[in-house]
Amino acid sequence: MTTKDTFSYEAAKKRLEVIMKDLESGKIGIDDLEATLNEAKYLIQKSLRKLTETEKIIKNWKT
């Protein structure tokens, strides 16, 4: 892969917090709900991958 992955865990966390607030307050209408939930799912999956990769790095430091 020649391009650097620009995913930011912190940015994803902030965006997920906004999504949660919008869901809780009813700001997201039914027409936008599916797209918003798909975005949240994507951010969660990427965040979990990032955490798993970081955990592997830390475990390698211990050996």
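The values are calculated or read from the model by the stated rules, or taken from the named source; none is laboratory data. Everything numeric here is computed off the predicted structure, so don't read it as measured data. Backbone-built Cβ (ideal geometry, glycine too); neighbour counts: all protein chains shown.
Within the set Leu37, Leu43, Leu33, Leu23, the sole residue that is in contact with a helix residue (DSSP H, G or I) (Cβ under 7 Å, 6 or more places away or on another chain) and of a type outside the set (Ser, Thr, Tyr) turns out to be Leu43. Condition check for Asp32 on (1) surrounded by fewer than 11 Cβ atoms within 10 Å (Cβ to Cβ); (2) assigned to a helix (DSSP H, G or I); (3) not hydrophobic (A, V, I, L, M, F, W, C): one failure, at (1). The single residue among Asn38, Asn60 that is modelled with pLDDT of 95 or more, part of a helix (DSSP H, G or I) and exposed (fewer than 11 other Cβ atoms within 10 Å of the Cβ) turns out to be Asn38.
Residues that are assigned to a loop (DSSP other than H, G, I, E, B), surrounded by 10 or more Cβ atoms within 10 Å (Cβ to Cβ) and of a type in the set (A, V, I, L, M, F, W, C) within segment 1-29 comprise Phe7, Ile28, listed in sequence order. Please determine, by comparing only the residues of segment 41-57 that are among the β-branched types (Val, Ile, Thr) and surrounded by 11 or more Cβ atoms within 10 Å (Cβ to Cβ), which one is nearest to the chain's Cα centre (by Cα). Ranking the candidates gives Ile44 first.
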